[in-house]
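K.L.:
So that we are looking at the same thing, I have put the structure below in structure tokens.
The values are calculated or read from the model by the stated rules, or taken from the named source; none is laboratory data. Please read these numbers as outputs of a predicted model, since none were measured by experiment. Cβ placement follows ideal geometry from the backbone for every residue including glycine, while neighbour counts extend to all protein chains displayed. Side chains are part of the model used for accessible areas, which takes the heavy atoms of the whole protein and leaves out ligands, DNA and RNA. Shrake-Rupley method; radii C 1.70, N 1.55, O 1.52, S 1.80 Å.
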Amino acid sequence: MADAAPPPVVRGPRVPAALPLAALWTAAAVPFVLGAVHLADPELAVRLHQAGSAWARHALAALALAAAVALLLLPPARAGLRLAVAQAQRRLSTDRAPLARALGELQHFESPARHLEVGRLAVQCGETERALVHLRRALELDPRLPAAHHLAGRVLLRAGHLAQARQHFLAAEQLEPGHAFGDALLHAGRAAARLGRHDEAVRLLTEHQGRHGGSAQSQLWLGDALATAGDHAGARHAWRQAAAPPAGQASAEANWYRALARVRLWRHGGSA
Amino acid sequence: MRSLWHHADEIPVTLVVVLAYVSLAFVTGLAEPDAERLAAYGWLTPLLAADGEPWRLLTHAFLHGGLVHLAFNGYMLLQVGPALERSLGSLRFLALYAAAAIGGGVAVCLLYPVEQPIVGGSGALFGLLGAAVAVLVRSGRHALEFLTFDGPRALLSLIAVNLLIGWILPFVSNTAHLGGLATGFVVTLLWLAPPRQPSPRFRQWRAATAALFAALLFASLFPVVRHDWLWNQGVRTADADRRERLQRAAVMAWSGRDHASEADVLRFYRLVVDPDAPRPR
């Protein structure tokens, strides 16, 4: 694996980032479409507008109702809100100057380390497409960079390219066991679980726990993998560990995984 | 004031706009403006803008409804304009003022009663405030860095207080304020002060927002689902069949029903077209 060429990196579908753009284009199309319909049949344009307005009002009311019900029924609503706020805050307060500097430096001299640095900073700034380009180039120049494999795996996992993500995580772990404090191993387990390789996922996540200790995230994912593999008692144990109150102030991410574990326990008849 | 005069060559657009404010205020009546003159010089109503007078989207931003209105807006322009014009350049500043004025006017056309007139540069001035926020967002190492400084925080407070005043006072158009604010912010963020290293999606955002602005402008100048516009189109159409369909569509748009009955037509005619006619039983 170490000497093999890295798997081809494909741009992910990036559905969440494309949604606001699609909404903008749709909203922009409406007046022109109504204008075109008006030329042929003014009454039809008015009818379409009335029906569309009524539909939009109903859709908004249904969305508001669904949001209210979700807030009441789903225990992770508060944790999810806290996570969303933390992510937005982080995204808006990420320093972009180092990325600009790194891109500038790359124009003078190309090296795998510099591409890796640009990829790392682009991931921090939320520019995953740019990050993929540079991580792929870094791996072309030096396929034995565990950090590039790890970051590419993270980006691909987020984009839904599970098989490629799993290969990158495994490559990172093979090149440097325990890379990023076990994060590559942890995400390799997650990618395997999402690919339906439950036994492999359980093996990787258990290995991660043995070598790096458990966190709310790893316990939750291990519980999920065990439940899918049919070990419900083991799953409940892992979820209970994940849902345990933290010693100090938990981060927004840890709080989110803890809340998810509580939901799993609630649904599967256990208690935290 | 002396400082402004000494640096007039650096801020020509700000000074010309202030001059336009003052001279038009004298023409339309400084203390008590004459409504007919305000209408003639370009006040904005959604009805007139859609009735073949689109220039009102811009001209309303140079007219004012009295001495206090003029003094407040003139002071605000002289506070915000010079720094922004020096920062962006005069041509870009001019484009910003025009875009924000049109943005405020478009918001009014889409959301106001059709015969409600508005005047005043405050929509455009809110656009300048939005532009200042966008420049601050771009100038820092990250988007929220400007919040660590007192001056920029005071700018946000100024915007919030002015919006609050707009909500409290019934004769102030917060619709135009918000339209101008959003336009100024977006235009500056995407066009006038773009990032040095734009992301791959930056052009897509530019194209989508430009398309949305064009669509809103189209909807305010050709409101094909608004009763007044449909009725006027019908009145001007020579083709009898087309006229009938346009007028039926006008009645449908006014009544909110998906067909126009004879009773609806009668009510529409008496209540909208000829308001002096007695109400039907």
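Yes or no, residue by residue, for (1) open to solvent by 40 Å² or more (accessible area, probe 1.4 Å); (2) under 28 Å from A:LEU116 (Cβ atoms); (3) not polar (S, T, N, Q):
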site	(1), (2), (3)
A:ALA148	no, yes, yes
A:LEU156	no, yes, yes
A:GLY182	no, yes, yes
A:LEU195	yes, yes, yes
A:ARG211	yes, yes, yes
A:ALA225	no, no, yes
A:ALA229	yes, no, yes
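K.L.:
Now, a different point. Within the range B:127-148, how many residues turn out to be under 30 Å from B:VAL114 (Cα atoms) and open to solvent by 60 Å² or more (accessible area, probe 1.4 Å)? Quick ask: steps written out before the conclusion?
P.N.:
Our first condition is that a residue be under 30 Å from B:VAL114 (Cα atoms); within the range B:127-148, this holds for B:127-131.
This time we only want the ones that are open to solvent by 60 Å² or more (accessible area, probe 1.4 Å), so: none.
Count: 0.
K.L.:
Moving on. Restrict the check to the range A:95-110 and report whether at least one residue is more than 30 Å from A:LEU265 (Cβ to Cβ), free of Cβ contacts under 8 Å to residues at least 12 places away in the same chain and away from chain B (no Cβ under 13 Å).
P.N.:
yes
K.L.:
Identify, from the list B:VAL114, B:VAL22, B:VAL106, the residue that is over 19 Å from B:PRO223 (Cα atoms) and not hydroxyl-bearing (Ser, Thr, Tyr).
P.N.:
On the way: B:VAL114 fails: over 19 Å from B:PRO223 (Cα atoms); B:VAL106 fails: over 19 Å from B:PRO223 (Cα atoms).
Only one candidate passes the filter, namely B:VAL22.
K.L.:
So which residues in the range B:233-260 are farther than 17 Å from B:LEU47 by Cβ and open to solvent by 80 Å² or more (accessible area, probe 1.4 Å), if there are any at all?
P.N.:
Matches in the range B:233-260: B:ALA238, B:ASP239, B:ASP241, B:ARG243, B:GLU244, B:ARG257, B:ASP258, B:HIS259.
K.L.:
Hey, can you tell me all the residues within the range A:221-257 that are closer than 16 Å to A:LEU186 by Cβ and touching a Leu at 6+ places or on another chain (Cβ under 8 Å)?
P.N.:
The answer is A:TRP221, A:LEU222, A:ALA225, A:ALA238, A:ALA242, A:GLU253, A:TRP256, A:TYR257.
K.L.:
Determine the pairs where a residue that is within 19 Å of A:THR94 (Cα to Cα), located within the range A:127-145, has a partner that is assigned to a helix (DSSP H, G or I) and of a type in the set (D, E, K, R) with Cβ atoms under 8 Å apart, the partner being 6 or more residues away or on another chain.
P.N.:
As it stands, the answer is A:THR128/A:ARG158; A:ALA131/A:ARG120, since those pairs meet every condition given.
K.L.:
Right, another one. I'm told A:GLY119 meets every condition in (1) within 30 Å of A:VAL263 (Cβ to Cβ); (2) crowded, with 18+ Cβ neighbours inside 10 Å; (3) in contact (Cβ under 8 Å) with a residue 12 or more places away in the chain; (4) not hydroxyl-bearing (Ser, Thr, Tyr) except one. Can you identify the failing condition by its number?
P.N.:
(1)
K.L.:
Test A:PRO7 against the criterion of being under 20 Å from the mean Cα position of the chain (by Cα), at pLDDT below 90, more than 9 Å from every other protein chain (Cβ to nearest Cβ) and surrounded by 15 or more Cβ atoms within 10 Å (Cβ to Cβ), and give yes or no. Explain how you work it out, then say what you get.
P.N.:
Numbers: under 20 Å from the mean Cα position of the chain (by Cα): no; at pLDDT below 90: yes; more than 9 Å from every other protein chain (Cβ to nearest Cβ): yes; surrounded by 15 or more Cβ atoms within 10 Å (Cβ to Cβ): yes.
No: the conditions fail for A:PRO7.
K.L.:
What are the residues in the range A:208-236 that are part of a helix (DSSP H, G or I) and either out of contact with any helix residue (DSSP H, G or I) (no Cβ under 8 Å at 6 or more places or on another chain) or touching a residue at least 60 places away in the same chain (Cβ under 8 Å) (or both), if any?
P.N.:
If we filter the range A:208-236 for residues that are part of a helix (DSSP H, G or I), which is where we start, we get A:208-212, A:216-229, A:232-236.
Within the range A:208-236, A:GLY210, A:ALA233 qualify.
K.L.:
A:TRP55 is checked against (1) under 25 Å from the mean Cα position of the chain (by Cα); (2) loosely packed, with under 11 Cβ neighbours inside 10 Å and fails just one. What number does that condition carry?
P.N.:
For A:TRP55, the failing item is (1).
K.L.:
Taking B:TYR21 as meeting all but one of (1) within 16 Å of B:GLN79 (Cα to Cα); (2) touching a Leu at 6+ places or on another chain (Cβ under 8 Å); (3) modelled with pLDDT under 95, write down the number of the exception.
P.N.:
B:TYR21 satisfies all of (1) within 16 Å of B:GLN79 (Cα to Cα); (2) touching a Leu at 6+ places or on another chain (Cβ under 8 Å); (3) modelled with pLDDT under 95 except (3).
K.L.:
Could you tell me how many of the residues in the range B:53-98 are outside any helix (DSSP H, G or I) and within 18 Å of the chain's Cα centre (by Cα)? Full working, then the answer.
P.N.:
Within the range B:53-98, the first condition is being outside any helix (DSSP H, G or I), and the residues that meet it are B:53-55, B:63-66, B:89.
Those still in the list that are within 18 Å of the chain's Cα centre (by Cα) too: B:53-55, B:63-65.
So the answer is 6.
K.L.:
Please go through the range A:61-102 and give me each residue that is among the basic types (Lys, Arg) and surrounded by fewer than 14 Cβ atoms within 10 Å (Cβ to Cβ), ordered by number. Before the answer, list the steps.
P.N.:
First, pick out the residues of the range A:61-102 that are among the basic types (Lys, Arg): A:78, A:82, A:90-91, A:96, A:101.
If the condition is that a residue be among the basic types (Lys, Arg) and surrounded by fewer than 14 Cβ atoms within 10 Å (Cβ to Cβ), then A:ARG78, A:ARG90 are the ones that fit.
K.L.:
Let me confirm something: among A:ALA259, A:ALA254, which residue is of a type in the set (Gly, Ala, Ser), without any contact (Cβ under 8 Å) to a residue 40 or more places away in the chain, assigned to a helix (DSSP H, G or I) and farther than 20 Å from A:ALA201 by Cα?
P.N.:
Details: A:ALA259 fails: without any contact (Cβ under 8 Å) to a residue 40 or more places away in the chain.
Just a single option satisfies the conditions, and that option is A:ALA254.
K.L.:
Output the number of the condition that B:HIS259 fails; it satisfies all remaining conditions of (1) assigned to a helix (DSSP H, G or I); (2) outside the structural domain of B:VAL186 (by TED's automatic domain parsing).
P.N.:
(1)
K.L.:
Go through the range B:204-225 and report how many residues are open to solvent by 40 Å² or more (accessible area, probe 1.4 Å), in contact (Cβ under 8 Å) with a residue 12 or more places away in the chain and within 10 Å of another protein chain (Cβ to nearest Cβ).
P.N.:
5
K.L.:
Among the listed residues B:PRO200, B:PRO194, which satisfies the condition of being open to solvent by 30 Å² or more (accessible area, probe 1.4 Å), out of contact with any Leu (no Cβ under 7 Å at 6 or more places or on another chain), at the interface with chain A (Cβ under 8 Å from one of its Cβ atoms) and assigned to a loop (DSSP other than H, G, I, E, B)? Step through it out loud before you land on a result.
P.N.:
Numbers: B:PRO194 fails: at the interface with chain A (Cβ under 8 Å from one of its Cβ atoms).
Going through B:PRO200, B:PRO194 in turn, the sole match is B:PRO200.
K.L.:
Return yes when B:ALA176 is away from every other protein chain (no Cβ under 14 Å) and either part of a helix (DSSP H, G or I) or in contact with a Leu (Cβ under 9 Å, 6 or more places away or on another chain) (or both) and no when it is not.
P.N.:
Values: away from every other protein chain (no Cβ under 14 Å): yes; either part of a helix (DSSP H, G or I) or in contact with a Leu (Cβ under 9 Å, 6 or more places away or on another chain) (or both): yes.
The answer is yes for B:ALA176.
K.L.:
Would you confirm whether or not the range B:110-122 contains a residue that is under 16 Å from B:PHE213 (Cα atoms) and in the same structural domain as B:LEU181 (by TED's automatic domain parsing)?
P.N.:
Going residue by residue through the range B:110-122, those that are under 16 Å from B:PHE213 (Cα atoms) are B:110-111.
Add one more test, that the residue is in the same structural domain as B:LEU181 (by TED's automatic domain parsing), and what stays is B:110-111.
Yes, the range B:110-122 contains a residue that is under 16 Å from B:PHE213 (Cα atoms) and in the same structural domain as B:LEU181 (by TED's automatic domain parsing).
K.L.:
For the range B:1-17, which positions are open to solvent by 30 Å² or more (accessible area, probe 1.4 Å) and under 20 Å from the mean Cα position of the chain (by Cα)?
P.N.:
B:VAL16
K.L.:
Right, here's the next one. Go through the residues of the range B:107-125 one by one and say whether even a single one is open to solvent by 30 Å² or more (accessible area, probe 1.4 Å), more than 17 Å from B:PHE72 (Cα to Cα), modelled with pLDDT of 90 or more and in a helix (DSSP H, G or I).
P.N.:
Yes, the range B:107-125 contains a residue that is open to solvent by 30 Å² or more (accessible area, probe 1.4 Å), more than 17 Å from B:PHE72 (Cα to Cα), modelled with pLDDT of 90 or more and in a helix (DSSP H, G or I).
K.L.:
Moving to a separate point now. Out of B:GLY184, B:GLY166, B:GLY151, I need the residue that is closer than 19 Å to B:ALA132 by Cα, assigned by TED's automatic domain parsing to the domain that holds B:GLU53 and open to solvent by less than 40 Å² (accessible area, probe 1.4 Å). Which one? Full working, then the answer.
P.N.:
On the way: B:GLY166 fails: closer than 19 Å to B:ALA132 by Cα; B:GLY151 fails: open to solvent by less than 40 Å² (accessible area, probe 1.4 Å).
Selected residue: B:GLY184, the only one of B:GLY184, B:GLY166, B:GLY151 that is closer than 19 Å to B:ALA132 by Cα, assigned by TED's automatic domain parsing to the domain that holds B:GLU53 and open to solvent by less than 40 Å² (accessible area, probe 1.4 Å).
K.L.:
The conditions are (1) outside any helix (DSSP H, G or I); (2) more than 14 Å from chain A (Cβ to nearest Cβ); (3) among the hydrophobic types (A, V, I, L, M, F, W, C), and B:ILE165 fails exactly one of them. Which is it?
P.N.:
Checking B:ILE165 against (1) outside any helix (DSSP H, G or I); (2) more than 14 Å from chain A (Cβ to nearest Cβ); (3) among the hydrophobic types (A, V, I, L, M, F, W, C), the one that fails is (1).
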